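Chemist: Questions regarding the structure given below will be posed in turn.
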Amino acid sequence: MKRISIAIISGLLLSAPAFAQDAALQHARALLDKVPLIDGHNDLPWTIREDAAHPMDVEHYDLRQRTPHETDLARLKQGKLSAQFWSVYVPGELKSGWAVTQLEQIDLARRLIARYPESLVLATRSSDVAKARREGKIASFIGMEGGHVIENSLGALRAYYELGARYMTLTHNTTLDWADAAMGERKHGGLTPFGKEVVREMNRLGMLVDLSHVSTEVMQQALDTSEAPVIFSHSSARALDDHPRNVPDEVLKRLPANGGVVMVTFVPAFISPQVAAWHKGMNEAVTASGVKPGTPEFTAVKDAYAAKAGPLPKATLSMVADHIEHVARIAGKDHVGIAGDYYGSVNPDGLEDVSTYPALFAELIRRGWNDKDLAKLAGGNLVRAFAGAEQVAARLQKERKPSLARVESPTPQSP
């Protein structure tokens, strides 16, 4: 009997960590059944556009089946997602056709949403999140990634809003005539007067001002200018990973006064300093070589770098949780959200696809987060900020007419 008792006790002790992990995961799933989970950025529309076999064809990229990348209907359901901002990304590096490409991407996203009426529904208001949940569907918002697509026209900005766009990242990686990009040349010291007018017109429309991808100076000046809460649709904490795409503490400290939200992203280079350093070295090697992308020589340079530097380091779910906790500590738990930025690439261990959101919440539960704060992180903070932007717009539309401002000293619209 003593041996049996010892064996039973030993078995219980050995299984305790696994039991605790299962309990946290069950807790996370139960919580996400009760509160909305909103992701700030998913690049599926661009993935479909670039599909080698059937480019731009939402019929062939069938979300009712398991897809070759991270996103499909079954895994969205497993992940407990209530709302998604689908990015209608357009590369700033295109030599021409920004506006046409943007219209095609919005069309693709709308066709994608319409293709699955049992699961997805086009959303344009903060209240649509709760409405979609009542219908058992995912509220599907459209987010533009890069202000180059307005081609220096506030009329174009208004037209995109009418087509359903509800945030615009002021820049992508290319500096514009009116705003400096984090990864681009510093030409303006932040926003030009026209750039500030873009922010004001977005406020008037009720379009969320997205500060992912912009320089620190643009972040600061947009906060000075905006009357509505801003968002970072997919950024992490610069204090933990000194990448220019991330948000510095001096900006995080300003979010409580603005009401904005940093939606922490899962992109490995933005959460792991080791991954960021590896990619930086690769980029420097490619630049120094002078070879053109897509050539055998380009591949050879990359292979040589990988052989010398070693394999790409791993990023992890725990690192993402660290960034969430840092943003929450500096800006407050009212100012942090979630943004996977899934786009068909390498993802952190534990966050491989859209089914894994509960695992991230389970990690935070094990770190002591309570349900109230987890609900804010999941979607409550974003809904509050979005509703705040709508309230500001309702006031501003009574106070001023659509802006007729034009860009100062425009340059040809190419990088």
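Chemist: Tell me the relative contact order for region 220-357 as a rounded percent, counting alpha carbon contacts under 8 Å between residues six or more apart.
Modeler: 30 percent
Chemist: With the full set of protein chains in place, find how many percent of the accessible area of the chain is carbon and sulfur; take the probe as 1.4 Å.
Modeler: On the chain, the fraction of accessible area on carbon and sulfur atoms equals 55 percent.
Chemist: Here's a follow-up. Considering only protein heavy atoms, what is the solvent-accessible area of Leu73 at a probe of 1.4 Å, reported in Å² to the nearest 10?
Modeler: My reading of the accessible area for Leu73 is about 30 Å².
Chemist: log10 I(q)/I(0), Debye, Cα-only region 288-415, no solvent, q = 0.11, 0.12, 0.23 Å⁻¹?
Modeler: After summing over all Cα pairs, the log10 values are -0.74, -0.81, -1.32.
Chemist: Restricting to bridges with both residues inside the chain, how much of the DSSP beta-bridge set is antiparallel, in percent to the nearest 5?
Modeler: Roughly 5 percent of the beta bridges in the chain run antiparallel, per DSSP.
Chemist: Just the ratio, please: alpha-carbon radius of gyration of region 47-122 over 2.2 N^0.38 Å, N its number of residues.
Modeler: Ratio of Rg to 2.2 N^0.38 Å for region 47-122: 1.16.
Chemist: Work from the charge dipole of region 76-116 (Cβ charges, +1 for Lys and Arg, -1 for Asp and Glu, about the Cα centre) and give the residue of Ser82, Thr101, Leu112 farthest towards its positive end.
Modeler: Positive-end residue among those listed: Ser82.
Chemist: Suppose all protein chains stay in the model; what accessible area per residue would a 1.4 Å probe give for the chain, in Å²?
Modeler: 43 Å²
Chemist: Using θ = phi - 60° and the Karplus form 6.51 cos²θ - 1.76 cosθ + 1.60, what ³J(HN,Hα) does each residue of region 175-182 get, whole Hz, x for Gly and Pro?
Modeler: Computed from phi, the couplings for region 175-182 are 5, 9, 5, 10, 7, 8, 8, 4 Hz.
Chemist: Still on this structure, I have one more. Could you tell me the calculated FRET efficiency between Ser345 and Gln391, based on Cβ-Cβ distance and R0 = 41 angstrom, to the nearest 0.05?
Modeler: 0.65
Chemist: Which entries of Lys280/Lys302; Lys95/Lys292; Lys314/Lys376; Lys187/Lys280; Lys137/Lys372; Lys292/Lys314 have Cα-Cα distances beyond 20 Å here?
Modeler: Lys314/Lys376; Lys187/Lys280; Lys137/Lys372; Lys292/Lys314
Chemist: Output the DSSP H helices from the chain with an along-axis C-alpha extent of no less than 15 Å and a mean Kyte-Doolittle hydropathy no less than -0.5.
Modeler: The answer, listed by residue number, is 2-34, 98-115, 273-289, 296-309, 317-330, 381-399.
Chemist: Let me know the charge dipole size of the chain about its Cα centre in debye, to the nearest 20, where only the beta-carbon of Lys, Arg (+1) and Asp, Glu (-1) is charged.
Modeler: 1200 debye
Chemist: Sticking with this structure for a sec: Counting alpha carbon pairs within less than 8 Å and at least 6 residues apart, what relative contact order, in whole percent, applies to the chain?
Modeler: 20 percent.
Chemist: Let me ask something else about it. Wrap a convex hull around the Cα atoms of region 169-307, take a quarter of its surface area, and give that in square nanometres.
Modeler: 9.3 nm²
Chemist: Test of understanding: what is the full-extension gain from Leu312 to Arg125, defined as 0.36 nm times their sequence separation minus their Cα-Cα distance?
Modeler: Roughly 63.3 nm would be gained on extension.
Chemist: Right, here's the next one. If DNA, RNA and ligands are ignored and the probe is 1.4 Å, what is the ranking of Asp62, Asp303 by accessible area, most exposed first?
Modeler: Asp303, Asp62
Chemist: Quickly rank 227-236, 164-173, 116-125, 325-334 as a protection proxy: mean count of other C-beta atoms within 10 Å, highest first.
Modeler: 227-236, 164-173, 325-334, 116-125
Chemist: Can you tell me the alpha carbon radius of gyration of the chain divided by the globular rule-of-thumb value 2.2 N^0.38 Å?
Modeler: Its radius of gyration relative to the 2.2 N^0.38 Å reference: 1.01.
Chemist: How big is D for region 267-330, in µm² s⁻¹ as a whole number, if Stokes-Einstein is applied with the Kirkwood radius of its Cα pairs at 4 °C and 1.567 mPa s?
Modeler: Rounded to a whole number, D works out at 98 µm²/s.
The values are calculated or read from the model by the stated rules, or taken from the named source; none is laboratory data. Not measured: the values here are computed from a predicted model. All Cβ positions, even for glycine, are placed from backbone atoms using ideal geometry, and neighbour counts span all protein chains on display. Note: accessible area is taken over every heavy atom of the protein model, side chains too, but ligands, DNA and RNA are not part of it. Shrake-Rupley method; radii C 1.70, N 1.55, O 1.52, S 1.80 Å.
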